[in-house]
Amino acid sequence: MVKNSQVLEREIAGETVLLNLDSGNYLVLNETGSFIWSRLGSLEPRQIGDELCRQFSVANDRAEAGLNLFIEELAKEGMVESNQ
Amino acid sequence: MTVDVVSDRWQDMMDSAKVTTADYVFAGTLTRVYAVDSKLIQEVEKVVGGCRVRPSQAQADISFFLISEDDDAELVRFVRDWAAPAGQADPVSRSRLFTLWSQSSWRWLDVHTDKAQVWSDLKQGRAAAIISKRGVDASWLVGHYVFFPLWVQMLKGAGLFQLHAACVLDGDKSVLLPGPSRCGKSTLSINLVRHGFKYLSDDTVFLQDIGGSVVAQSFVEDIKVRHGTIGLFPELGFLHDHDGSRKQSKRHFAMEDVFAGSNHDMPAVPETIVFPRYTGEAETKFKPVKSAAALANLLRFSLFMIDPDSRAEQFQVLTQLVEQARCYEAEIGADNDRSAHAIRMLLEEEGCPSGKELASA
């Protein structure tokens, strides 16, 4: 998955607001979401999962499940798209 | 704005003896409204009457022509020919009230499907509406749903972005009160004006980036209130139906007529944003809102985010606004004196007033 080029992002006080310019959909990402978003595209999901475990002291399987759900939500809102 | 002078019949048609005009200046932008039936101009006047200026020879930034389908056939044909380049496209937005299309510099609307068709060419700064007989009969529709939506689109060319919010000023400090209909914007803004605040707007402000600060441009309209709100303020007692009935769901009044000297027609820089919700309970309560959540809220209340071409610039203005302002949610209680005092404390202090501070007010 890569960031949709039609998405604007603004990081404000540790949180991020995403706006899809095509659809007008928007999302607010909390600190964890912003952490993942900032790494999308430059790291593989597995690497992001490893960083999540270290940064937020969570178990590997929990981090992976949370990451997958989060990316699904981003895809549903058109914030990321497949790079296949 | 560019106009092809050689093929431009617009000015000839507008200069025709059949057409009357009215000029409005809002935030330095001159809008000239043309109509054959002066009743249509009176309806526009209900929306932008506060900006009316004497007619001049100055070139208008925005020209807006309103015509009834029963008016002169040559004028109707002229409008249809002028709007022909709008062409075909998929709608960008549909609502109960209208459908909006967008293609290159053209925006066009169907209002209530069959009551009016309105076209604008943002590049030319021109708009024209053909209003059906049913549309003309529903006179309230002309100002609010034929003129206003595309006028808002055209103002974006001057960097003015509409937000669904009230705005009031205390001294040199302004507070923006964004929110959906019926959240209590009018109730709170009337209460604050009653307590000495100045009035910039009740329902709509236009945000503009001026030199790196976002300002709220005053947009003074008649205030529409329900009977529940009228009952909260003795000054509004005259709005009750004389026979005591509640025939009309909303009554209109001008803030300046009730609270003389309250209008503030200069822009203000909002440093505080309060998202109000009127609860009518004993206490007024505040809670700080994180800037990102405040930005998401503002996106909800920026109706014309629906226009894809201006979303990026509008997003930038809203982002800048939440970065320059402290943001709160408020549950507004029934004690008018305390809630006004609480807002004043918010403007003066760095943070939310505590329940104890409010209780001692």
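The values are calculated or read from the model by the stated rules, or taken from the named source; none is laboratory data. Keep in mind it's a predicted model, so treat the numbers as computed, not measured. Reconstructed Cβ throughout: ideal geometry from the backbone, glycine too, with neighbour counts over all protein chains shown. Accessible surface areas use protein heavy atoms only, side chains included; no ligands, DNA or RNA. Shrake-Rupley method; radii C 1.70, N 1.55, O 1.52, S 1.80 Å.
Going by accessible surface with a 1.4 Å probe and the largest first, B:SER132, A:SER23 read A:SER23, B:SER132. Close amide H partners of B:CYS167, meaning residues 5 or more places away or on another chain with modelled amide H under 5 Å apart, are B:LEU177, B:LEU200, B:SER201, B:ASP202.
When all alpha carbon pairs of chain B are counted in 20 Å bins from zero, the resulting P(r) reads 28, 55, 16, 1 %. As a ratio to 2.2 N^0.38 Å, the alpha-carbon radius of gyration computed for region B:136-234 takes the value 1.17.
Across region B:25-104, the convex hull enclosing all Cα atoms gives 160 Å³ per residue. A P(r) calculated from all alpha carbon pairs of region B:63-179, with 5 Å bins opening at zero, reads 2, 11, 20, 21, 18, 11, 7, 5, 3, 2, 0 percent. A viscosity of 1.306 mPa s and a temperature of 10 °C, combined with the Kirkwood radius over Cα pairs in Stokes-Einstein, give a translational diffusion coefficient for chain A of 122 µm²/s. In order along region B:192-202, phi translates into HN-Hα couplings of 5, 4, 4, 9, x, 6, 8, 10, 9, 6, 10 Hz, rounded to whole numbers, per the Karplus curve 6.51 cos²θ - 1.76 cosθ + 1.60 with θ = phi - 60° and x for Gly and Pro. Relative to its residue count, region B:113-174 spans a Cα convex hull of 110 Å³ per residue. With the whole protein complex present, B:ASP12 retains an accessible surface near 110 Å², based on a 1.4 Å probe. Can you figure out the FRET efficiency of B:ASP72 with B:ARG94, using R₀ = 51 Å and their beta-carbon distance, to the nearest 0.05? E(calc), rounded to 0.05, equals 0.95. Computed in the context of the full set of protein chains, the accessible area of chain B at 1.4 Å probe radius has 48% of its extent on carbon or sulfur.
Annotation note: trypsin sites (Lys or Arg not before Pro) in region B:193-299 located in DSSP loop regions with a Cβ neighbour count of at most 14 within 10 Å are B:ARG246, B:LYS247, B:LYS250. Note on B:LYS287: accessible area approximately 120 square angstrom, rounded to 10, probe 1.4 Å, nucleic acids and ligands left out. Per residue, the protein assembly as shown exposes 46 Å² of accessible surface when a 1.4 Å probe is rolled over the protein heavy atoms with every protein chain present. Relative contact order of chain B: 13 percent, from C-alpha pairs under 8 Å at least 6 residues apart in sequence. Relative contact order of region B:63-148: 30 percent, from C-alpha pairs under 8 Å at least 6 residues apart in sequence.
The Cα atoms of region B:174-298 cover 53, 31, 23 Å along the three principal axes, with the biggest extent listed first.
In sequence order, region B:259-264 has phi-based couplings of 10, 4, x, 7, 5, 10 Hz under the Karplus curve 6.51 cos²θ - 1.76 cosθ + 1.60, θ = phi - 60°, and Gly or Pro positions carry x. Extent of the protein assembly as shown along its three principal axes (Cα atoms, max minus min coordinate, largest first): 78, 63, 42 Å. Taking each of B:LYS173/B:LYS198; B:LYS18/B:LYS156; B:LYS250/B:LYS285; B:LYS39/B:LYS133; B:LYS123/B:LYS156 in turn, the alpha-carbon distance tops 19 angstrom for B:LYS18/B:LYS156; B:LYS250/B:LYS285. Summarising the amide proton neighbourhood of B:ARG326: residues at separation of 5 or more, or on other chains, whose placed amide H is nearer than 5 Å comprise B:THR272, B:ILE273. Quote the total accessible area buried by chains B and A together, excluding ligands, DNA and RNA, probe 1.4 Å, nearest 100 Å². Summed over both sides, the interface buries about 1300 Å². If you average the C-alpha positions of region B:41-82 and of region A:47-79 separately, how far apart do those two centres end up, in angstrom? A separation of 56 Å, based on Cα centres. Estimated from the Cβ-Cβ distance and a Förster radius of 30 angstrom, the FRET efficiency linking A:VAL58 and A:SER23 is about 0.40.
Under a 5 Å amide H cut-off, with hydrogens placed 1.01 Å from N, B:PHE26 pairs with B:THR31 among residues at least 5 apart or on other chains.
For region A:1-40, a decrease in accessible area of 30 Å² or greater in the assembled protein chains relative to the isolated chain, with a 1.4 Å probe, applies to A:LEU8, A:ARG10, A:ILE12, A:GLU15, A:VAL17, A:LEU19, A:LEU21, A:TYR26, A:VAL28.
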